[in-house]
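J.: Got a structure for you, questions after.
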Amino acid sequence: MPGDWTDYIGQIIFILFFLMLFTGMNQKIQVKLWAYDIRNKLSIIKRYADDSRSRIEEILNKLGVREPSGIVNKFMNFFMIEPVDIEPTDIIRRLDHLIRSRERIFKDSLARTLPELGKYERSLLESSLEIASVLNYVYKSIRHYLLLGEKYNNWVLLMQLQFMMPETMKLVETYYKSLDSFIKGTPIGDSVGPLVAYKIMEKGKILSKNVIEDTVVAEVWLDNRRVYVIKAEGPGSNVGKPGKVLADLVEKLSGNVDLVVTIDAALKLEGEELGEIAEGVGAAIGDPGPEKIAIERATSRHNIQLSAIVIKMGLPEALHAMKKELYEAVERTVDYLLNLIKNATKEGSTIIIAGIGNSIGVAQ
Amino acid sequence: MTFFNDPTLLLIVIILGVTVILLQLYIESRRKPRELPRITRTLLKCTKCGNVLEIDYEEGDFISLVKGKCSKCGAPMKIQAIYTIEVKQPK
Ligand SMILES: [Zn+2]
């Protein structure tokens, strides 16, 4: 039958399709879908951020703080302004000063509200607060860009945001899950450095042990060599000041050191094996700068060989409770290190070994 | 415009399309290596005879803590490691 009404409907749909293509309507639909997807994921991030916050408030409550939200708020919104870098003169000193000030403010205000709180519990609380503030920051940034994109109808911004979401979600999950370790105080993947240092201490005979700036320096007699082992003080969540302590030690020994070895966790490339060990030269330490430069300056001034051993892992493995594979890597690293010392130095030499990383769950 | 006129043909095309998408999603979810749940364990080692024992982690454990007595010689045991292992799930 000619002129069937369904025929007209088909034509109208076709024309509408064409019009949409030319007027950009299809893109508007696409943008709406993107925004919808981002909003969904944002609500998951919010749940993570709120949950981490309430877990910390609960802990504070148990410790006897009546108004925990005040403290949590203060830490969540705390910021640090990067020093001027177009004028690099003494930038390291300025940066170091800011990092130390931040740490002091954190410590002091926690000590003020919870004076009877032990060093160990305080360090765990500090790290947990830092994780919660990262989650909160990610939530606020994503929300900012989503609202901005919608406000100015900037669909390129929304598209970028939408494409970034899978990675962001992975990061957020990683941080959220790491809260478990920091609340309980179990060693994390990043603790491999301090753990290697601890194992070296155990292997030899300890002659002396000091704690300087949250960092342990142990003098160990091992294989007829004088070995100074440096690690952050455990078992609290703490990275110490290994760079500065190492530099001071080199000066104290007036440069009479034959070998300096730094051991740290390193981010593996996608596809690389978890727990792979690699040796190289340089200071294996991932701080913003001050600690690393201290090691480089001290060793170059006295012309000391600076070796580095890294254990490779992904970011989730570095922040979550230590996997058994990483513990096995630690044992292999200890053997590797003992071999390195035997081959690179003679009997009677002086060696410094610094296990870099967070000492959570690893005492000395 | 016979395509729009024939409802059965349209239905077949839609069903086919949906099946292909669902199949692809299913294959993708199968290919992803899913992470098994993990539990935390504490490794103890005798300070005298070197006897090794792995137990469940308890809150407050940390490496170098002296905990418990050796079942063989009675000497104190020290925590050597705390790590997570995969829990084997029955299929
Ligand atoms: Zn025993």
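J.: Would you confirm whether any residue within region B:33-51 is at pLDDT below 90, open to solvent by 90 Å² or more (accessible area, probe 1.4 Å) and more than 29 Å from A:Lys199 (Cβ to Cβ)?
T.: yes
J.: Tally up the residues in region B:26-75 that are within 16 Å of the ligand (Cβ to nearest atom), polar (S, T, N, Q) and within 22 Å of A:Lys324 (Cβ to Cβ), please.
T.: So the answer is 1.
J.: Now for a different question. How about region B:73-91: which of its residues are more than 10 Å from chain A (Cβ to nearest Cβ) and either of a type in the set (Asp, Glu) or out of contact with any Lys or Arg (no Cβ under 9 Å at 6 or more places or on another chain) (or both)?
T.: B:Lys88, B:Gln89, B:Pro90, B:Lys91, listed by residue number.
J.: Here's a follow-up. Check B:Thr8 against each of (1) more than 16 Å from the ligand (Cβ to nearest atom); (2) modelled with pLDDT of 90 or more; (3) within 14 Å of another protein chain (Cβ to nearest Cβ) and name the one condition it does not meet.
T.: (2)
J.: Based on what the data block shows, is A:Val334 within 14 Å of another protein chain (Cβ to nearest Cβ), within 21 Å of A:Pro242 (Cα to Cα) and touching a Lys or Arg at 6+ places or on another chain (Cβ under 6 Å)?
T.: So A:Val334 passes the test.
J.: Okay, next question. Contact list please: Cβ distance under 8 Å, first residue in region B:49-68 and facing chain A (nearest Cβ under 10 Å), second residue assigned to a loop (DSSP other than H, G, I, E, B) and hydrophobic (A, V, I, L, M, F, W, C), pairs at least six apart or on different chains.
T.: B:Phe62/A:Ala363; B:Ile63/A:Ala363; B:Ser64/A:Ala363; B:Leu65/A:Ala363
J.: Give me the residue from region A:217-250 that is in a loop (DSSP other than H, G, I, E, B) and away from every other protein chain (no Cβ under 14 Å) and, out of that set, surrounded by the fewest Cβ atoms within 10 Å (Cβ to Cβ).
T.: Among those residues, the one meeting the criterion is A:Asn224.
J.: Still on this model: Going through A:Asp7, A:Asp51 one at a time, which residue ends up being over 27 Å from the mean Cα position of the chain (by Cα) and surrounded by 12 or more Cβ atoms within 10 Å (Cβ to Cβ)?
T.: Exactly one residue qualifies, and that residue is A:Asp7.
J.: Residue check, A:Ala308 against (1) buried (at least 20 other Cβ atoms within 10 Å of the Cβ); (2) within 14 Å of another protein chain (Cβ to nearest Cβ), all met but one. Which one?
T.: It fails just one condition, (2).
J.: Looking at A:Lys199, A:Lys209, A:Lys205, which is the one that is farther than 20 Å from A:Leu319 by Cβ, open to solvent by 10 Å² or more (accessible area, probe 1.4 Å), of a type in the set (Lys, Arg) and at the interface with chain B (Cβ under 10 Å from one of its Cβ atoms)?
T.: Going through A:Lys199, A:Lys209, A:Lys205 in turn, just one is farther than 20 Å from A:Leu319 by Cβ, open to solvent by 10 Å² or more (accessible area, probe 1.4 Å), of a type in the set (Lys, Arg) and at the interface with chain B (Cβ under 10 Å from one of its Cβ atoms): A:Lys199.
J.: Which numbered condition in (1) closer than 26 Å to A:Ser123 by Cβ; (2) hydrophobic (A, V, I, L, M, F, W, C); (3) modelled with pLDDT of 90 or more; (4) crowded, with 17+ Cβ neighbours inside 10 Å is the only one that A:Ala363 fails?
T.: Exception for A:Ala363: condition (3).
J.: Evaluate region B:12-20: report whether one residue or more is more than 16 Å from the ligand (Cβ to nearest atom), within 23 Å of the chain's Cα centre (by Cα) and not hydrophobic (A, V, I, L, M, F, W, C).
T.: no
J.: Select from region A:1-57 the residues that are farther than 26 Å from A:Gly149 by Cα and in the same structural domain as A:Leu158 (by TED's automatic domain parsing) and list them in ascending order.
T.: A:Asp51, A:Ser52, A:Arg53, A:Ser54, A:Arg55, A:Ile56, A:Glu57
The values are calculated or read from the model by the stated rules, or taken from the named source; none is laboratory data. Given the structure is predicted, the values throughout are model-derived calculations rather than measurements. Neighbour counts run over all protein chains shown; Cβ positions are idealised from the backbone, glycine included. Side chains are part of the model used for accessible areas, which takes the heavy atoms of the whole protein and leaves out ligands, DNA and RNA. Shrake-Rupley method; radii C 1.70, N 1.55, O 1.52, S 1.80 Å.
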